[in-house]
Amino acid sequence: MFDSGFGGLTVARALIDLLPSEDLVYVGDTGRYPYGPRDLEEVRRFALEITEHLVTEHDVKMVVVACNTASAAALEELQDITPVPVIGVIEPGAAALLEATRNNRIGVIGTVGTIGSGAYQRAVEATGAAVDLSCAACPGFVEFVERGETESDQVYVLAERLLAPLVEADIDALLLGCTHYPFLARTIGDVMGRDVVLVDSADATAFRVRELLLAAGAVNEGGGAHRFESSGDVEEFRTLGRQLLGPELDTVTALTWPQTAD
């Protein structure tokens, strides 16, 4: 599985808890984060590169694109060209969001790239559900998480400003459409109010992985090894990543991509 940085660790945590016998390789592309403000074509190239690395170097049986921006940019192409199943976080998240609403007014927050791509809008529309969907990009949230500043006064002020349109829309369920955002759940929840259900796609994605592995008869009976790789500062990744994920994140291996080697 991979993400631009630490956000996908929310999905990794859910997978480790649900499928403790599965071997897991996590690539955090922290040398090139954040993906959200980047051109989607550039993110697509990154996603193809990381997926090829996971398949050729680690012989994985499934790839989880634990990044909403990368899912929006490249998921369909990855599913077409990759010799193993590839799943993203958008469709499982959208399904969980629809299950959570009571008044049929729902919201999605994500990076500029994810919201601008229209991926969630299409995923919700494809279900045929009669809901009113409000979306908001939240630039800056990822950077706060990557710095470990998840409950600062500054991020609260930013959240108040960015989430104001969703408060006004009177939604009752909000999808955290970036895997970094669950680390800001307390701040987001305080701003949105106690009547709004926050939906995290991590658990929904983990259940989807288990469903596919069971259907294919590919669930591990033993194992449970966890490997973490980072294209940025490995010690920083280990320190902050361990705080976010837990003790399973012990050692981190450095990655260097060919085009960034200089």
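The values are calculated or read from the model by the stated rules, or taken from the named source; none is laboratory data. Everything numeric here is computed off the predicted structure, so don't read it as measured data. Cβ coordinates were reconstructed from backbone atoms using ideal geometry, including for glycine residues, and neighbour counts include every protein chain displayed.
The figures follow:
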read-out	value
Residue in segment 130-151 that is within 17 Å of THR205 (Cβ to Cβ), among the hydrophobic types (A, V, I, L, M, F, W, C) and surrounded by fewer than 22 Cβ atoms within 10 Å (Cβ to Cβ) present	no
VAL124 of a type outside the set (Ser, Thr, Tyr), within 17 Å of the chain's Cα centre (by Cα) and surrounded by 15 or more Cβ atoms within 10 Å (Cβ to Cβ)	no
Residue check, TYR156 of a type in the set (Ser, Thr, Tyr), closer than 16 Å to MET192 by Cα, surrounded by 15 or more Cβ atoms within 10 Å (Cβ to Cβ) and in the same structural domain as LEU184 (by TED's automatic domain parsing)	yes
Lone qualifier among THR51, THR82 - being at pLDDT 95 or above, surrounded by fewer than 22 Cβ atoms within 10 Å (Cβ to Cβ), of a type outside the set (D, E, K, R) and not assigned by TED's automatic domain parsing to the domain that holds THR179	THR82
Residue count, segment 196-223 (criterion: hydrophobic (A, V, I, L, M, F, W, C), surrounded by fewer than 20 Cβ atoms within 10 Å (Cβ to Cβ) and in a helix (DSSP H, G or I))	6
Helices (runs of 4 or more DSSP H) contained in segment 80-166 and holding at least 2 residues of a type in the set (A, V, I, L, M) and without any contact (Cβ under 8 Å) to a residue 40 or more places away in the chain	119-127
